[in-house]
RNA sequence: GCCAAGGUGGCGGAGCGGACAAUCGCACCAGACUGUAAAUCUGGCGGUCGAAAGGCCUACCUAGGUUCGAAUCCUAGCCUUGGCA
């Protein structure tokens, strides 16, 4: 591979980690120091009107800092990685063109993976008719269908995915699409150099900051935000409403739960989510981890970024 | 005080003589993950030995009893809830 002049190298800084570890704050600091622009890698901040619960730290963000990825679609719209890829491609190209450093910040592991490594099958569209037809099939039946269409893919599925209807349906969708169509060449631009920064804390501390943030969002009027969304026509079945901090209010608004009960459930789900995020990120050995309880962690991050980005 | 219903694993709740360390849900632990990813899904979950098959121990309020065998039946006690006083 030819050595590119520094300016031409498409660099990308990734800041990931479980929820509530201060990824955005750190990113805002680095934006100033490294002339960067932030891209949110978050599957929920894309929704308009979902502000408090998804943690769009609006007041914290100075006018000078650019943050991409908020409010991409309306609250009733569907969204998925493929749309995210299209969006990120455009934004990244723009930032690189300006000679600035894109900083991809978020807790949605799949979205980060999509930008950094790409998802080859992402362009294959959803087939709503097929999905409707397969809706009530058992996982055994789905697996059988897949095996007939694409035995290789079927054999490569792990025990968990073999019982996951959503994954099976998508696999069938892909298999069917391939049988009936030609694959167009899709040009996806990937970064040349990526630095992964991971933010984490010992579990006890992590749970504590999550609890504090839950309380903060409550104070900021999350319940009112949910109420307004419902009034504006958003329903509990909408994809956006499956977000943490939103779906948990259903029982409350339907009079089946008290506010403290709903809050407790929400907090528990947040903590479970953090665990799931860690299960994902732990596997990626490219990540350099920093413990946010270390007082000097941000200086260490800065030093590392400097060395990587070649600035002295 | 009387009557009724009931006391099962961290919680809820099945089981109501053998196949029960006890269905299931929740919580918890671990994990998967290439178009819903804050989604969806999988495994584990009394203790102990074992790689596994499996073995052993302690368990269904307490104490006795019936039985080849009891979480399941009987007796007494303790406790909880509802009704009557």
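The values are calculated or read from the model by the stated rules, or taken from the named source; none is laboratory data. A quick note: this is a predicted structure, and the numbers were derived from the prediction, not measured. All Cβ positions, even for glycine, are placed from backbone atoms using ideal geometry, and neighbour counts span all protein chains on display.
Of all the residues in the range A:228-263, those that are free of Cβ contacts under 8 Å to residues at least 40 places away in the same chain and at positive phi number 1.
Residue check: is residue A:99 under 18 Å from the mean Cα position of the chain (by Cα) and on the phi > 0 side of the Ramachandran plot? In short, no.
Out of contact with any helix residue (DSSP H, G or I) (no Cβ under 7 Å at 6 or more places or on another chain), over 20 Å from residue A:42 (Cβ atoms) and surrounded by 13 or more Cβ atoms within 10 Å (Cβ to Cβ), is that true of residue A:219? Step through it out loud before you land on a result.
Working: out of contact with any helix residue (DSSP H, G or I) (no Cβ under 7 Å at 6 or more places or on another chain): yes; over 20 Å from residue A:42 (Cβ atoms): yes; surrounded by 13 or more Cβ atoms within 10 Å (Cβ to Cβ): no.
It is false that residue A:219 is out of contact with any helix residue (DSSP H, G or I) (no Cβ under 7 Å at 6 or more places or on another chain), over 20 Å from residue A:42 (Cβ atoms) and surrounded by 13 or more Cβ atoms within 10 Å (Cβ to Cβ).
Got at least one residue in the range A:66-89 being modelled with pLDDT under 95, assigned to a loop (DSSP other than H, G, I, E, B) and more than 20 Å from the chain's Cα centre (by Cα)? Scanning the range A:66-89, I find no residue that is modelled with pLDDT under 95, assigned to a loop (DSSP other than H, G, I, E, B) and more than 20 Å from the chain's Cα centre (by Cα), so the answer is no. In the range A:140-160, the residue that is farthest from residue A:179 (Cα to Cα) out of those that are surrounded by 14 or more Cβ atoms within 10 Å (Cβ to Cβ) and within 11 Å of RNA strand B (Cβ to nearest atom) is A:157. Taken together, the residues in the range A:222-244 that are touching a helix residue (DSSP H, G or I) at 6+ places or on another chain (Cβ under 6 Å) and under 15 Å from residue A:271 (Cα atoms) amount to 1.
Return the residues of the range A:193-211 that are without any contact (Cβ under 8 Å) to a residue 40 or more places away in the chain and loosely packed, with under 13 Cβ neighbours inside 10 Å; say none if nothing qualifies.
Matches in the range A:193-211: A:204 only.
Let's see how each residue does on (1) farther than 24 Å from residue A:22 by Cα; (2) surrounded by 13 or more Cβ atoms within 10 Å (Cβ to Cβ); (3) within 13 Å of RNA strand B (Cβ to nearest atom); (4) in contact (Cβ under 8 Å) with a residue 60 or more places away in the chain:
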| site | (1), (2), (3), (4) |
| --- | --- |
| A:89 | yes, yes, no, yes |
| A:94 | yes, yes, no, no |
| A:103 | no, yes, no, yes |
| A:111 | no, yes, yes, yes |
| A:114 | no, yes, yes, no |
| A:118 | yes, yes, yes, yes |
| A:125 | yes, no, yes, no |
| A:134 | yes, yes, yes, no |
| A:138 | yes, no, yes, no |
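Restricting attention to the range A:164-198, and to residues there that are closer than 27 Å to residue A:310 by Cβ and out of contact with any strand residue (DSSP E or B) (no Cβ under 6 Å at 6 or more places or on another chain), which single residue is nearest to RNA strand B (Cβ to nearest atom)?
A:188
Cβ-Cβ distances below 7 Å connect the following pairs, each with a first residue in the range A:264-279 that is closer than 16 Å to residue A:21 by Cα, a second residue that is more than 8 Å from RNA strand B (Cβ to nearest atom) and outside any helix (DSSP H, G or I), and a separation of six or more residues or different chains: A:274/A:18; A:277/A:18; A:278/A:18. Criterion applied to A:208, A:227 was being away from RNA strand B (no atom under 12 Å from the Cβ), closer than 19 Å to residue A:273 by Cβ and either touching a strand residue (DSSP E or B) at 6+ places or on another chain (Cβ under 8 Å) or part of a helix (DSSP H, G or I) (or both), and the one residue passing it is A:208. Of everything in the range A:46-60 that is modelled with pLDDT under 95 and either in a helix (DSSP H, G or I) or touching a helix residue (DSSP H, G or I) at 6+ places or on another chain (Cβ under 7 Å) (or both), the residue that is farthest from RNA strand B (Cβ to nearest atom) is A:59. The residue of the range A:248-270 that is nearest to RNA strand B (Cβ to nearest atom), among those that are under 18 Å from residue A:44 (Cα atoms) and surrounded by 19 or more Cβ atoms within 10 Å (Cβ to Cβ), is A:270. In the range A:234-312, counting only helices (runs of 4 or more DSSP H) that sit wholly within it, the ones holding 1 or more residues that are more than 24 Å from the chain's Cα centre (by Cα) and within 30 Å of residue A:32 (Cβ to Cβ) span A:297-309.
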